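Working notes for the structure below.
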4 protein chains.
Amino acid sequence: MELDALTTVGSLREAVAAFVDARDWQPFHSPKNLSMSIAIEAAELMEHFQWLTTEEARAAVQDPVERVAVANELADIVIYCLSLSNALDLEVSSAVLGKLETNEHRYPADEFRGRFRRPERERVDE
Amino acid sequence: MELDALTTVGSLREAVAAFVDARDWQPFHSPKNLSMSIAIEAAELMEHFQWLTTEEARAAVQDPVERVAVANELADIVIYCLSLSNALDLEVSSAVLGKLETNEHRYPADEFRGRFRRPERERVDE
Amino acid sequence: MELDALTTVGSLREAVAAFVDARDWQPFHSPKNLSMSIAIEAAELMEHFQWLTTEEARAAVQDPVERVAVANELADIVIYCLSLSNALDLEVSSAVLGKLETNEHRYPADEFRGRFRRPERERVDE
Amino acid sequence: MELDALTTVGSLREAVAAFVDARDWQPFHSPKNLSMSIAIEAAELMEHFQWLTTEEARAAVQDPVERVAVANELADIVIYCLSLSNALDLEVSSAVLGKLETNEHRYPADEFRGRFRRPERERVDE
């Protein structure tokens, strides 16, 4: 995580803004269009794992070529996320840290350890 | 962009990793599941704009309450992106900057200024 | 709508089942994988409209070549939907008609005419 | 498949058209918006399987309550697909049957039996 430890979110947002500005693409990068773009790129990421079991997918990403391909799909998603934050003048960092804090309360660690649903709810399901 | 200018991608990745670790959620955060999660959260973002025209969507995000709601959806997407980068030990910064460089060549600024397709291609379509 | 008026949902489901069976693809066509596949094909459909305004998208689908391309994307989505109904032994017709009936009550015609949200809710937003 | 064997695609399209017409929702049901709507509903379907392994998802849909919930999500996707076919005056049956025929040639049964990629391609990956 050497590069990520040195790179600010702001510098990545600026790189995306410069790319968009150089092409006068702000009219295309509307909130509605960017929400679609993020979903489209997310689907391209899913395509890598579509027919694999959970375990096969874990194994597939060990392959160096596949890792690069997946990193490129991830980059596409993040680029559109950063462009949306630029378009709306939103602080990504505070949105992320704020949401993690909300989730701390919504999913208390001791209740959700090793499970993605509350034990109570599972009991109800039985 | 004050906070984003000061916050490294690495520090956000660490915050996400701490959240996941505290709940032993690594088994759920497999590449396949995270790709689905990103797509699911992207869909929740799209829901805000689903029935609005491009212009109505631009207007809607001026509303302070709606801005916060959209920021929260964006945070969900970014959190899962960061969790995927943690799961795969991928540098988000280099993936993003590398992809922007690729796109610089793929979409030369002078050819794509104000258009999302090559002029040639549009001519062919006529 | 001549052909659709003569074709049963069941006959389309059988055509999809025969295609899947001939390739022994049932193990791939699990509920989880098919849900991803539907989302992936939906994203390919969205790609056709990603950078267009609502009105430009309406105009684009008048083009005969584009119409065929869009019909093909729609077919991909429907094929996976039918495969899911086969995998789960679900009646598509009763699911669709049942959901429309639910929606009749959820969205009473006189309250939702020309609007996708209840008037009350819009008033609250003001 | 008793009901599906008796129900034409056209009759379902008509039921969807009547629902949309009664609310004057045609302006909302534009191609762009419907493509988003299909993707949004596909994501709601994925949510049912998001954190489950392929096998756990197969088991989950045996539960009668879960089956109904999944059938409802599937219905939402199909309803928007049928509304798109209405909006564009496309024959769903011929699109589906035409695409299956294309795929017959693209994925010859003897080459793709039990595999979703060509053997050659896998060999190249090694």
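If you filter segment C:1-18 down to residues that are open to solvent by less than 40 Å² (accessible area, probe 1.4 Å) and either in contact (Cβ under 8 Å) with a residue 12 or more places away in the chain or part of a helix (DSSP H, G or I) (or both), you find that the one that is farthest from D:Ala59 (Cα to Cα) is C:Asp4. Evaluation of A:Asp21 against the conditions (1) of a type outside the set (A, V, I, L, M, F, W, C); (2) part of a loop (DSSP other than H, G, I, E, B); (3) open to solvent by 50 Å² or more (accessible area, probe 1.4 Å) shows that the sole unmet condition is (2).
With respect to D:Ser30, determine if the residue is within 25 Å of C:His48 (Cα to Cα), more than 14 Å from chain B (Cβ to nearest Cβ) and among the polar types (S, T, N, Q). Judged against the criteria, D:Ser30 is not a match. Report yes if C:Thr102 is of a type in the set (Val, Ile, Thr), open to solvent by 30 Å² or more (accessible area, probe 1.4 Å) and within 14 Å of chain A (Cβ to nearest Cβ), otherwise no. Criteria not met by C:Thr102.
For segment C:27-85, which residues satisfy the criterion of being aromatic (Phe, Trp, Tyr) and closer than 28 Å to C:Glu14 by Cα?
Residues satisfying the conditions are C:Phe28, C:Tyr80.
Within the option set B:Ala18, B:Ala22, B:Ala5, B:Ala43, being closer than 13 Å to B:Asp76 by Cβ and either more than 9 Å from chain D (Cβ to nearest Cβ) or under 17 Å from the mean Cα position of the chain (by Cα) (or both) holds for one residue only, B:Ala43. Could you tell me whether D:Thr54 is free of Cβ contacts under 8 Å to residues at least 12 places away in the same chain and touching a strand residue (DSSP E or B) at 6+ places or on another chain (Cβ under 8 Å)? No, not satisfied. Scanning segment C:46-77 for residues that are more than 14 Å from chain A (Cβ to nearest Cβ) and farther than 26 Å from A:Trp25 by Cα yields C:Pro64, C:Val65, C:Arg67, C:Val68, C:Ala71, C:Asn72, C:Leu74, C:Ala75.
Every condition in (1) among the charged types (D, E, K, R); (2) at pLDDT 95 or above; (3) surrounded by 13 or more Cβ atoms within 10 Å (Cβ to Cβ); (4) over 18 Å from the mean Cα position of the chain (by Cα) is met by C:Arg118 except one, and the failing one is (2). Annotation note: Cβ proximity below 9 Å between a residue of segment D:78-91 that is within 17 Å of C:Val96 (Cβ to Cβ) and at the interface with another protein chain (Cβ under 7 Å from one of its Cβ atoms) and a residue that is not in a helix (DSSP H, G or I) and not hydroxyl-bearing (Ser, Thr, Tyr) (sequence gap 6+ or interchain) occurs for D:Leu84/D:His29; D:Leu84/D:Leu90; D:Ser85/C:Met1; D:Ser85/D:Glu91. Do we find that C:Glu66 is at pLDDT 95 or above, over 24 Å from D:Ala17 (Cβ atoms) and either open to solvent by 10 Å² or more (accessible area, probe 1.4 Å) or assigned to a helix (DSSP H, G or I) (or both) in this structure? No, not satisfied.
Can you name every residue in segment D:42-53 that is in a helix (DSSP H, G or I), open to solvent by less than 10 Å² (accessible area, probe 1.4 Å) and either acidic (Asp, Glu) or touching a Ser or Thr at 6+ places or on another chain (Cβ under 8 Å) (or both)? Show your work before the answer.
Kept after step one, since they are in a helix (DSSP H, G or I), are these residues of segment D:42-53: D:42-47.
Applying the additional criterion that residues be open to solvent by less than 10 Å² (accessible area, probe 1.4 Å) yields D:42-43, D:45-46.
Hits for segment D:42-53 are D:Ala42, D:Leu45, D:Met46.
Exactly one residue out of A:Ala39, A:Ala95, A:Ala75 is open to solvent by less than 20 Å² (accessible area, probe 1.4 Å), farther than 26 Å from B:Thr53 by Cα, at pLDDT 95 or above and outside any loop (DSSP other than H, G, I, E, B): that is A:Ala75.
The values are calculated or read from the model by the stated rules, or taken from the named source; none is laboratory data. Keep in mind the model is a prediction, meaning the values are calculated, not measured. Don't worry about glycine lacking a Cβ; one is built from the backbone with ideal geometry, like all the others, and counts go over all protein chains shown. All accessible areas refer to the heavy atoms of the entire protein, side chains included, with ligands and DNA or RNA removed. Shrake-Rupley method; radii C 1.70, N 1.55, O 1.52, S 1.80 Å.
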